[in-house]
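Enquirer: Below: one structure in structure tokens.
The values are calculated or read from the model by the stated rules, or taken from the named source; none is laboratory data. For clarity, every value in this text was computed on a predicted model and none was experimentally measured. Here the Cβ is made from the backbone with ideal geometry for all residues, glycine too, and neighbour counts use every protein chain on show. Surface areas here come from the heavy atoms of the whole protein model, side chains and all, with no ligands, DNA or RNA. Shrake-Rupley method; radii C 1.70, N 1.55, O 1.52, S 1.80 Å.
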2 protein chains.
Amino acid sequence: MSSKKGQRNNLSLEQYAEGVAEGDRATLARAITLIESTKPEHQALAQELLQLLLASTGNAIRVGITGVPGVGKSTLIDQLGTNLTAAGHKVAVLAVDPTSERSGGSILGDKTRMPRLAVDDNAFIRPSPTSGTLGGVTKTTRETMALCEAAGFDVLLIETVGVGQSETAVAGMVDFFLVLMLPGAGDELQGIKKGVIEIADMIAVTKSDGDNVQRAQLAASEYRAALQILTPISPNWSPPVITVSAKENSSIGELWDLIEQHQSKFAETGELEAKRQEQAVRWMHDMLEERLRARLRGDKAVSRRLSELEKQVRLGQAAPSLAVEEIVELVGLGPAAKKSG
Amino acid sequence: MSSKKGQRNNLSLEQYAEGVAEGDRATLARAITLIESTKPEHQALAQELLQLLLASTGNAIRVGITGVPGVGKSTLIDQLGTNLTAAGHKVAVLAVDPTSERSGGSILGDKTRMPRLAVDDNAFIRPSPTSGTLGGVTKTTRETMALCEAAGFDVLLIETVGVGQSETAVAGMVDFFLVLMLPGAGDELQGIKKGVIEIADMIAVTKSDGDNVQRAQLAASEYRAALQILTPISPNWSPPVITVSAKENSSIGELWDLIEQHQSKFAETGELEAKRQEQAVRWMHDMLEERLRARLRGDKAVSRRLSELEKQVRLGQAAPSLAVEEIVELVGLGPAAKKSG
């Protein structure tokens, strides 16, 4: 089954499911659009589709990649992805950029950012819309990952620029979290975002080529020292620090080898399964809280009073606890909440 | 006005307010008990009391202190507090211990833990009950701080053993967050809890006496190196790392000087006021979300279905998003949430 332009709004659940399962890229793209739609009827269909495809998900290696603008994320992903498709993998790249406006298709243009992957038949690139609120990562990022897995992509690269809470959110939905750092030493190392190196499964210092090689190695040794005093996330993995050059395709192979080592070790120990289960449950709770918050924002009277009370609390005119009581009453959740208190 | 045993359950709002304002310790203790009570009528009275006293709060320096068990928190607080009361301060110590069962009065016994402060007329020690859920810190910790301020205590020391999320919660309600570390070097430094050094306004390596002095200094220099590559929370403050000995009362004065320097600098720049306002608003939102979560737990049908769905999500039998839709419907928040989505 292939999707034709004329059918654009008419695919049935079965057509979506079949097309995605066959790895049809056009149907995959339309299924993602369905999932991103806020229309209730689309939402319902999307949920049915996800539930239907659930059994055929989970077979990819999920890698999150973060780094400040200019660190060379696109160049690295283009090179890494090209190596991987050449080795027989099917690679999906999901770009999460909480700062960009919804661009309807690409951040800066995929063809400019990842010139080789953009025309690679075994690669699929999709930016995330930015309407979500879970740390700048849309709730649909995770669902899009599931669709890509159902479509047979066995490598998922989730890219984020690391603004706001997006790295934490991305780290919470992947198997491996790769942090890219610029070469530099001493004072230049200043400015690592709080918490980022603590959730890294590996740090790769980029642009280690030409005059930069020595600076990159110096930076790497400083990151190694910093990592040494932090408790590793798992006793079975001490996050390595490597230097790479995407431009020269040097150590990109080593980078992937380390990711695969991590994956097979964690599969062996059961940590991979446990981590994914935990992530799914946490994701459910995050979404649930997001929906409850949306309930507060969605009711005009509640939302207006909440912002008045926020102002009073800020100025020290109202005790925070008193403000909370008032909102809880207003939203009609008072009695049940009291029972449980 | 002094509180008599016979009146235990009969204080009026005015009696509470007057007693606290006069710094009467027995009334303060009873007001805290009132705030910790979960009975609706006590809650209502407590909220009125807090609102009434609100204007006389905010005049203390609020210091959070964390460190692993054995680091010497009690010894340091006993010495620091004794120095401070000797210098004319009134010191309240609030101990937050998410691991201890409610002990009705003390953790390990205040007289054993802080022998001098426990009998000091200008000190007030109060453990927090552990029934709260905001990162192991009860919602009443913050309200207890307000009561202590209204009672004229000008130094608040909030102690936490740093289990779970309690440091983050405590850091979110103080002006200054002090992290205590054991002396040691190299491998012994392993095991710093993720995120702790990132929220530290100062690190003090404890037990720097006798044979430990050199090891403490070595540890301090490693922490300095680790802090150097992190962006400081404020451009006006680079968290210092010092070595102290509570046993010998050495550098405890320097420790307090640094805290006061931080406080006056942040008062000058306006950061203190801004931070406190932000903390009050965030506290309000945290409590509000806690109440919404309590609503889910409080309804038996919702709570039972939620744990069934959680299991299915964990086992990959249900998509997280589908589970969320079902709960949102069940709790009766569906339509409004949809409107806002």
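Enquirer: Can you give the accessible area of residue A:233, probe radius 1.4 Å, in Å² rounded to 10?
Expert: 100 Å²
Enquirer: Considering the rotational relationship between chains B and A, which residue of chain B contributes the beta-carbon of minimal distance to the axis, and what is that distance to the nearest Å?
Expert: Of all Cβ atoms in chain B, the one nearest the axis gives B:292, 2.
Enquirer: Follow-up question, since we're still on this one. Where Lys and Arg each count +1 and Asp and Glu each count -1, what net charge lies around residue A:208 among other residues with Cβ under 9 Å from its Cβ?
Expert: It works out to a net charge of 0.
Enquirer: Here's another thing I want to ask about it. Run down the aspartates and glutamates and flag those whose C-alpha is under 15 Å from the C-alpha of residue B:247, throwing out any fewer than 8 positions away in its chain.
Expert: Within the straight-line limit of under 15 Å, residue B:247 reaches these aspartates and glutamates: B:78, B:209, B:211.
Enquirer: Let me ask something else about it. Between segment A:9-74 and segment B:237-306, how many Å separate their Cα centres?
Expert: That distance is 41 Å.
Enquirer: Summing Lys, Arg as +1 and Asp, Glu as -1, what charge do residues with Cβ under 11 Å from the Cβ of residue A:289 carry, residue A:289 excluded? Can you show the working numbers first?
Expert: Values: positive: A:282, A:291, A:293, A:295, B:293; negative: A:286, A:290, B:289, B:290.
Value of the local net charge: +1.
Enquirer: Could you pull out every residue, at least 5 positions away or on a different chain, whose amide H is within less than 5 Å of the one on residue B:177? Hs are placed 1.01 Å off N in the peptide plane, and Pro or chain starts have none.
Expert: The answer is B:64, B:201, B:202.
Enquirer: Still on this structure: Roughly how crowded by other chains is peptide A:270-283, in terms of the mean Cβ count from those chains within 10 Å of each of its Cβ atoms? Present the calculation step by step, with values, prior to reporting the outcome.
Expert: Values: counts 0, 0, 0, 1, 1, 0, 2, 5, 1, 3, 10, 7, 2, 6.
Average neighbour count from other chains, rounded to a whole number: 3.
Enquirer: Between residue A:86 and residue A:263, what FRET efficiency follows from the Cβ-Cβ distance if R0 is 30 Å, with the result rounded to 0.05? Can you show the working numbers first?
Expert: Numbers: r = 19 Å, r/R0 = 0.65.
Computed FRET efficiency for residue A:86 and residue A:263: 0.95.
Enquirer: So, one more: Through the Karplus equation 6.51 cos²θ - 1.76 cosθ + 1.60, θ set to phi - 60°, convert the phi angles of segment B:146-160 into ³J(HN,Hα) values in whole Hz; use x for Gly and Pro.
Expert: Couplings: 4, 4, 4, 5, 4, 7, x, 6, 9, 10, 10, 10, 9, 9, 9 Hz.
Enquirer: How much length is gained on full extension from residue A:217 to residue A:44, taking 0.36 nm per residue of separation minus their Cα-Cα distance? Don't jump to the answer; show the numbers that get you there.
Expert: Working: separation 173, 0.36 × 173 = 62.28 nm, distance 5.15 nm.
Between residue A:217 and residue A:44, full extension yields an extra 57.1 nm.
Enquirer: Follow-up question, since we're still on this one. Would you pull out the residues with amide H under 5 Å of residue B:250's amide H, same chain only if 5 or more places away, H placed 1.01 Å from N?
Expert: Close amide H contacts, sequence-distant or interchain: B:245.
Enquirer: Now for a different question. Give me the inter-chain shielding for A:49-62: mean count of other chain Cβ atoms within 10 Å, whole number please. Please report the intermediate quantities before stating the final value.
Expert: Values: counts 1, 5, 5, 1, 1, 5, 2, 0, 2, 1, 0, 0, 0, 0.
Partner Cβ neighbours, averaged per residue: 2.
Enquirer: Place the label 7 angstrom along Cα→C-beta at residue A:308 and in each other copy, then list the distances from the first to the rest in nm, shortest first.
Expert: Here the equivalent label points are 4.2 nm apart from this one.
Enquirer: Using a 7 Å offset from Cα along the direction of the beta-carbon, what are the separations from residue A:51 to the same position in each other copy, nm, ascending?
Expert: Relative to the other copies, residue A:51 has label-point distances of 4.6 nm.
Enquirer: Here is a further query. Sorted from shortest, what are the nm distances separating the label point of residue B:69 from equivalent points in the other copies, each placed 7 Å from Cα along Cα to C-beta?
Expert: Distances between equivalent label points, in nm: 4.9.
Enquirer: Taking θ as phi - 60°, what are the ³J(HN,Hα) couplings along segment B:297-306 by the Karplus curve (6.51, -1.76, 1.60), each to the nearest whole Hz, with x for Gly and Pro?
Expert: 5, x, 8, 4, 5, 5, 4, 5, 5, 4
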